[in-house]
Each structure stands twice: as C-alpha cells, then as structure tokens.
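No lab work stands behind these numbers, since they all come straight from the coordinates. None of the values given here were measured: they were computed from a predicted structure. Glycine also receives a Cβ, built like all others from the backbone with ideal geometry; neighbour counts cover every protein chain displayed.
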Amino acid sequence: MRLKSGTFQRKPSYLDEHAIDFVDYKDVKLLQRFISPQGKVLPKRITRLSTAQQRHVAQAIKRARHLALLPFVTDTDSY
C-alpha cells in the first residue's frame with residue numbers, strides 16, 4: 001500500500017490480523033502456516049512477520065519438532 005509521502009506501508013501479518021500475541025508450540029495448525037511443503041521455515045518476507053514474531057515462530061517450530069508434533073522433513077518424492 002502506497003502512502004502520500006512515497007513510502008510503503010506493509011500489509012499486516014497473520015498474527016497481527018488475528019491479534020495473536022503468543023505463539024504456542026502446541027498449536028500445530030498455526031505453525032503449519034509458516035512451514036513450506038518441504039518442511040522448511042518460511043522467510044519473513046513471505047510470511048510478513050516482524051523480526052520478533054519470526055523469532056518466536058521459528059522457536060515454536062523447533063520446539064514442536066523436538067517433541068515430534070511437527071516433522072523435521074516431509075517426503076515430497078512420489079517415486
């Protein structure tokens with residue numbers, strides 16, 4: 001979105017739109033929004049998260065993987 005002064009205003013992130021203050025590692029459905037089909041954490045330019053939000057999401061994904069709530073990798077090969 002372009003402002004009058006020539007600067008751009010970023011579109012709000014998913015967490016800002018839904019007023020989510022705390023990212024819980026047990027909320028697998030939310031965390032899957034920030035993981036690619038290959039199982040990688042999506043970058044913040046794609047997810048539109050702030051730096052602090054991206055850190056919290058990445059830490060929650062790592063914790064969920066460690067407790068086997070999320071897979072480390074996914075099998076995308078269809079051989």
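Fewest to most neighbouring Cβ within 10 Å: what's the order for Asp75, Asp24?
Details: Asp75 9, Asp24 13.
Ordered by Cβ neighbours within 10 Å, fewest first: Asp75, Asp24.
Counting charges near His66 (Lys, Arg +1; Asp, Glu -1) among other residues having Cβ under 15 Å from its Cβ returns a value of +3.
Rounded, prolate or oblate for the range 1-46? Axes are the square roots of the Cα gyration tensor eigenvalues, ordered a ≥ b ≥ c, and the cut-off for rounded is a/c under 1.5. Oblate. Full extension of the chain between Leu42 and Phe8 gives 10.0 nm of extra length, using 0.36 nm per residue less the Cα-Cα distance.
The phi torsions of the range 15-20, fed into the Karplus equation with coefficients 6.51, -1.76 and 1.60 and a -60° offset, translate into couplings of 5, 6, 5, 9, 6, 9 Hz, rounded to whole numbers, with Gly and Pro shown as x.
For the chain, the longest principal axis of the C-alpha atoms and the axis of helix 51-66 are separated by about 10°. Hydrodynamic radius of the chain by the Kirkwood approach over all distinct alpha-carbon pairs: 13.9 Å.
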